[in-house]
């Protein structure tokens, strides 16, 4: 009898423990936000904060409602397995309203451009311009003959293209992609140029020769988002390939390349397939000068298809295009085309070296000059459409202007000093490039929020805000949060890599409160709309729920 009683008590005790464990397990699963963070030291300010804080400090009802909606969004199937980091704060006071893993590192993807664009505006100013020139060490004789090479000198202008400025909601273009080069050629001819007794030289030595930053994937290098970085950035260092099917099955497809001078960098093996097939293309790496092999099939009778790829040798392509433009204007070029690169960067360039004097080019004769739009307009394009090459050029330009050496490492060194002055916690930002394409990049949500708050209080802060995509309106947010209360009320930078998504910026709530926020989702296997659904749900929740309730006024006594 005693044994039975002891066994019965043992079973009951274990049933109680089992029930307790099941309850705790359910609580953890039911709240992904609680599962991903741990309480830390209390701190009421998001800016300049070096310590984490409990995720839910506020007790006012709107914050509780927001927290519930965040947890609901992160419980969705496509979000559960991802790692999330969030920080939402009052833009004006810095008061933290909600945070989750805000002190942890995340891969930022294109949220790295937040740092690059702020650095460029702070160090160079909104009105800064790039200058691209046609130069020579020789001179034009009375017969129109230029003695020596004609040198196309690039200095990092991101807009040697046919892009129309200012940006007005979408990218618009006017004329052929070589429009800027054609204008330089026209200016040279107007100065009397009739013959070049030498070569056409593409000179991108303004920056050390380092076309691909650390951490870029080999698979990125074929496509426009992984275009090589060069002080000559012609047509965003990209080539458009128009593919048309042949007349019969088995015929080679017809290929049209723009700019035409880029054709030498790509080889093609594209056939015409059956009418009921689907277009299928693949990019193959191959050794040698023709780095890119484009293979595939396009069905007979199918409309022409456009494929955009990276130009592998932008300085050479620009010089070759310039030669073709000059010859089309009747200028005789005796020589050929070659490039002038600077040596690769020296690791010591990023050290604590005194600023070096910028050595002027040896060429004395300037035949033509192209001036870029103001820097603010270039940054607007970069942030609205998330243009990677432009971000890399800005980072190197800052380094060149401040130290005389336009290296990525030099730009990052200056950026670290800038972030420290802006109140960003030491060690919270580890970047290897300016665009966020590098898989080596790491930032914390609190670093992003601290910088965005700093930016909002700078003289150029309003200009900076105007460069960010607007939810449901333009840029990379044009189709997101459309027809929701957040449409038009969120200005933020998007970010996306494989398994990585981010959104950071500013929001105005329906109650008129100004917020600054950063949302990161890493290790997310979802794609397309599923990958950003949780982030957008959180954005809408911010706008709908947060904001201090209107003050109540006591009724006057009669």
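Is it the case, given these coordinates, that residue 472 is buried (at least 22 other Cβ atoms within 10 Å of the Cβ) and farther than 17 Å from residue 108 by Cα?
Here the answer is no, as residue 472 does not meet what is asked.
Taking residue 424 and the conditions (1) buried (at least 24 other Cβ atoms within 10 Å of the Cβ); (2) assigned to a helix (DSSP H, G or I), which numbered condition does it fall short on, given that it satisfies the others?
Single failed check for residue 424: (2).
Does any residue of the range 373-384 turn out to be closer than 22 Å to residue 215 by Cβ and outside any helix (DSSP H, G or I)? Quick ask: steps written out before the conclusion?
Of the residues in the range 373-384, the ones closer than 22 Å to residue 215 by Cβ are 382-383.
When the remaining residues are screened for being outside any helix (DSSP H, G or I), the result is none.
No.
Might you let me know whether the range 276-288 holds any residue that is surrounded by fewer than 17 Cβ atoms within 10 Å (Cβ to Cβ), free of Cβ contacts under 8 Å to residues at least 12 places away in the same chain and within 30 Å of residue 192 (Cα to Cα)?
Looking for residues that are surrounded by fewer than 17 Cβ atoms within 10 Å (Cβ to Cβ), free of Cβ contacts under 8 Å to residues at least 12 places away in the same chain and within 30 Å of residue 192 (Cα to Cα), one finds none in the range 276-288, hence no.
If you go through the range 456-479, how many residues are in contact with a helix residue (DSSP H, G or I) (Cβ under 9 Å, 6 or more places away or on another chain) and over 21 Å from residue 388 (Cα atoms)?
Total satisfying the criteria: 5.
For the range 302-319, which residues satisfy the criterion of being surrounded by 22 or more Cβ atoms within 10 Å (Cβ to Cβ) and more than 18 Å from residue 158 (Cα to Cα)?
None; the set is empty.
Do the conditions hold for residue 293, that is, is it part of a strand (DSSP E or B), closer than 25 Å to residue 176 by Cβ and either within 32 Å of the chain's Cα centre (by Cα) or at pLDDT 95 or above (or both)? Explain how you work it out, then say what you get.
Numbers: part of a strand (DSSP E or B): yes; closer than 25 Å to residue 176 by Cβ: no; either within 32 Å of the chain's Cα centre (by Cα) or at pLDDT 95 or above (or both): yes.
For residue 293, the condition - part of a strand (DSSP E or B), closer than 25 Å to residue 176 by Cβ and either within 32 Å of the chain's Cα centre (by Cα) or at pLDDT 95 or above (or both) - is not met.
Hey, could you check the range 204-223 for residues that are at pLDDT below 95 and not in a loop (DSSP other than H, G, I, E, B) and say which is surrounded by the fewest Cβ atoms within 10 Å (Cβ to Cβ)?
Checked the range 204-223; the qualifying residue surrounded by the fewest Cβ atoms within 10 Å (Cβ to Cβ) is 218.
In this structure, does residue 228 turn out to be touching a residue at least 60 places away in the same chain (Cβ under 8 Å), part of a loop (DSSP other than H, G, I, E, B) and more than 30 Å from residue 271 (Cβ to Cβ)? Lay out the reasoning, then the answer.
Values: touching a residue at least 60 places away in the same chain (Cβ under 8 Å): yes; part of a loop (DSSP other than H, G, I, E, B): yes; more than 30 Å from residue 271 (Cβ to Cβ): no.
When the stated conditions are applied, residue 228 does not pass them.
What do you reckon, is residue 153 in contact with a strand residue (DSSP E or B) (Cβ under 8 Å, 6 or more places away or on another chain), within 23 Å of residue 240 (Cα to Cα) and buried (at least 17 other Cβ atoms within 10 Å of the Cβ)?
Values: in contact with a strand residue (DSSP E or B) (Cβ under 8 Å, 6 or more places away or on another chain): yes; within 23 Å of residue 240 (Cα to Cα): no; buried (at least 17 other Cβ atoms within 10 Å of the Cβ): yes.
Considered against the rule, which asks whether it is in contact with a strand residue (DSSP E or B) (Cβ under 8 Å, 6 or more places away or on another chain), within 23 Å of residue 240 (Cα to Cα) and buried (at least 17 other Cβ atoms within 10 Å of the Cβ), residue 153 comes out as no.
Okay, residues lined up against (1) assigned to a loop (DSSP other than H, G, I, E, B); (2) in the same structural domain as residue 500 (by TED's automatic domain parsing); (3) on the phi > 0 side of the Ramachandran plot; (4) touching a residue at least 12 places away in the same chain (Cβ under 8 Å):
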residue: 88; (1), (2), (3), (4): no, yes, no, yes
residue: 96; (1), (2), (3), (4): no, yes, no, yes
residue: 99; (1), (2), (3), (4): no, yes, no, yes
residue: 112; (1), (2), (3), (4): no, no, no, yes
residue: 115; (1), (2), (3), (4): no, no, no, yes
residue: 119; (1), (2), (3), (4): no, no, no, yes
residue: 122; (1), (2), (3), (4): no, no, no, yes
residue: 126; (1), (2), (3), (4): yes, no, no, yes
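Mind counting the residues in the range 174-192 that are touching a strand residue (DSSP E or B) at 6+ places or on another chain (Cβ under 6 Å) and more than 18 Å from residue 261 (Cβ to Cβ)?
3
The values are calculated or read from the model by the stated rules, or taken from the named source; none is laboratory data. Remember, predicted model here, so these are calculated numbers, not experimental data. Virtual Cβ from ideal backbone geometry, glycine too; neighbours counted across all protein chains shown.
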